[in-house]
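What follows is a single structure, written as structure tokens, with notes after it.
The values are calculated or read from the model by the stated rules, or taken from the named source; none is laboratory data. A quick note: this is a predicted structure, and the numbers were derived from the prediction, not measured. As a convention, Cβ positions derive from the backbone with ideal geometry for all residues, glycine included, and neighbour counts pool all protein chains shown.
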Amino acid sequence: MDTRSKALEYANSHQKLFMDNLISLVRIPSVSTAPEHKGDMQKTAEWLSERLTSLGMKNVQIMPTGGHPVVFAECKAAGETKPTVLIYGHYDVQPVDPIDLWKTPPFEPTQIGDNLFARGASDMKGQVIATLNAIESVMQAGDPPVNMKFIFEGEEEIGSPNLVPFIEKHKDLLACDVALNPDSGMIDDKTPTITYALRGMAYFELRIYGPKQDLHSGLFGGAVHNPAVVLADLIAGMHDDQWRVTLPGFYDKVRSLSDQERIELARLPLTEDYYLQQTGAPALYGEAGYTPAERVGGRPTLDVNGLLSGFTGVGSKTVLPAYAMAKISMRLVPDQNPHEVEKQLIAYLNEKTPPTVRWEITNLSAGWASISDINHPATRAMVEGLEAAWGIKPLYKRDGGSVPVVADMQRILGVDSVLTGFGLADDNIHAPNEKLHLPTWQKGTNALIHFFYNYGNV
């Protein structure tokens, strides 16, 4: 029996062990945005460090950053000419709020049928464990077919504020031929997917200030401009009647979708009915001239993620609020610069905000869009691995989400990423009742085993 077959046999016969490892990791409430979970973040880093050590990895380190630590490790293959894969993952998770909507305790993993419910089960502890399961299987079968390095961060869910300085500082340590990033997902459990492009992000908090304090709306309404009304007007003006963003220069550097890309995106089963079924929305909307899949994967957007102003409690209180706040994000496509987008937002506010109020914006995060070569040898190795596990060729897609580390690695390390993953669209990531579909997760482990052997034989 060859080593690949041995590795696959090991994986298939150790599913209980793999599940125990997943449950152990998911139980740790590693919520990176919450100061009260700082100890849990350290505990999770230590868990990963111990796991990597047990797999035979070398130079295992918990490396400090300006925030939560990075876990690093490496392992050399027997042949000096073997390629090096840098395996990325994040061990932090989103907050569980609103807790009352969870049907099971978020940090007590609960299996119901084929799904494991818990915060982080899909995003992305399940993906990290699938990768480690594949590596354990490979290591048990013999010498690893590729050189491996690991970088597991603890701040992805808060915008990775310390990751770029870490990569820049440790550029030589992280040198590789390609990055493997399983922080993506599949269209459905029968359709393996390669994501070759990701949107970037520019995220802001906008505050509109009026009077020095809340005022009686009967005594001052009509004489003092209401900041909530001003904010609503400004937000309403950020799109035209074709749902195009109106910030000056917003589309100047947007890379158009090629005819070939539009053909490939049309092959995806991401129809209007798909989005309606997934979301429960009564109807879709979006930029004129583009399909839903094109809008989500290949076009930039501007969205309001939160609003706050005045009295929001039960009952009535007639106040004219002193300020209004909105969280505003833009999803960006290749060639858009998040820092230029900030200037475009400032130009819009300078032009449109009346002199009756003043405004402030805070840049909360910025990330570049990315696009990778679908003909890279490592991408082909993953395509063949997914096909071996699922029995069909995977589809290529542009993802509407943001994984800034992909663009950061392109820019700093000069390497493309193979972006895959085994989460599903209905996994409720970032929401109550997050789950992981276990049969898909198990196939994903096998696909990763194939990937390592395929790429090692290039």
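Out of all the residues in region 364-398, which are closer than 18 Å to Ser417 by Cβ and among the basic types (Lys, Arg)?
If the condition is that a residue be closer than 18 Å to Ser417 by Cβ and among the basic types (Lys, Arg), then Arg380, Lys397, Arg398 are the ones that fit.
State all residues of region 87-141 that are over 22 Å from Gln442 (Cα atoms), in a helix (DSSP H, G or I) and β-branched (Val, Ile, Thr); if no residue qualifies, say none.
Once the filter is applied, which keeps residues that are over 22 Å from Gln442 (Cα atoms), in a helix (DSSP H, G or I) and β-branched (Val, Ile, Thr), region 87-141 yields only Ile99.
Answer with yes or no whether Phe72 is part of a helix (DSSP H, G or I) and assigned by TED's automatic domain parsing to the domain that holds Asp114.
Considered against the rule, which asks whether it is part of a helix (DSSP H, G or I) and assigned by TED's automatic domain parsing to the domain that holds Asp114, Phe72 comes out as no.
Can you name every residue in region 339-372 that is touching a strand residue (DSSP E or B) at 6+ places or on another chain (Cβ under 7 Å), farther than 30 Å from Gly414 by Cβ and of a type in the set (Asp, Glu)?
Glu360
Please work out which residue is surrounded by the fewest Cβ atoms within 10 Å (Cβ to Cβ), limiting yourself to region 430-458 and to residues that are among the aliphatic types (A, V, I, L, M) and at pLDDT 95 or above.
Only one residue tops the list, namely Ala431.
From the set of residues in region 147-180 that are of a type in the set (S, T, N, Q) and within 18 Å of the chain's Cα centre (by Cα), which is modelled with the lowest pLDDT? Before you say what the answer is, go through the steps one by one.
As a first pass, look at region 147-180 and keep what is of a type in the set (S, T, N, Q): 147, 160, 162.
Filter again for within 18 Å of the chain's Cα centre (by Cα), leaving 160, 162.
On the way: Ser160: 91, Asn162: 96.
My answer is Ser160.
Table: residues versus (1) assigned to a helix (DSSP H, G or I); (2) modelled with pLDDT of 95 or more; (3) touching a strand residue (DSSP E or B) at 6+ places or on another chain (Cβ under 9 Å); (4) farther than 26 Å from Ser417 by Cα.
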{"position": "Ser24", "(1), (2), (3), (4)": "yes, yes, no, yes"}
{"position": "Gly39", "(1), (2), (3), (4)": "yes, yes, no, yes"}
{"position": "Gln42", "(1), (2), (3), (4)": "yes, yes, yes, yes"}
{"position": "Ile62", "(1), (2), (3), (4)": "no, yes, yes, no"}
{"position": "Thr65", "(1), (2), (3), (4)": "no, yes, yes, no"}
{"position": "Ala78", "(1), (2), (3), (4)": "no, no, no, no"}
{"position": "Thr81", "(1), (2), (3), (4)": "no, no, no, no"}
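Does at least one position in region 162-176 carry a residue that is of a type in the set (Lys, Arg), farther than 11 Å from Ile87 by Cβ and in a loop (DSSP other than H, G, I, E, B)?
Going through region 162-176, the residues of a type in the set (Lys, Arg) turn out to be 169, 171.
Remaining after also requiring farther than 11 Å from Ile87 by Cβ: 169, 171.
If we keep only those that are in a loop (DSSP other than H, G, I, E, B) too, we end up with 171.
Yes, the conditions are met somewhere in region 162-176.
For region 50-85, which residues satisfy the criterion of being under 21 Å from Asn133 (Cβ atoms), among the small types (Gly, Ala, Ser) and buried (at least 16 other Cβ atoms within 10 Å of the Cβ)?
Those that are under 21 Å from Asn133 (Cβ atoms), among the small types (Gly, Ala, Ser) and buried (at least 16 other Cβ atoms within 10 Å of the Cβ): Ala73, Ala77.
Okay, residues lined up against (1) under 22 Å from Ser370 (Cβ atoms); (2) in contact (Cβ under 8 Å) with a residue 60 or more places away in the chain; (3) over 25 Å from the mean Cα position of the chain (by Cα):
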| site | (1), (2), (3) |
| --- | --- |
| Glu261 | yes, yes, no |
| Gln277 | no, no, no |
| Ala281 | no, no, no |
| Ala288 | no, no, yes |
| Val296 | yes, yes, no |
| Val319 | no, yes, yes |
| Ala322 | no, yes, yes |
| Glu342 | yes, yes, no |
| Leu349 | no, yes, yes |
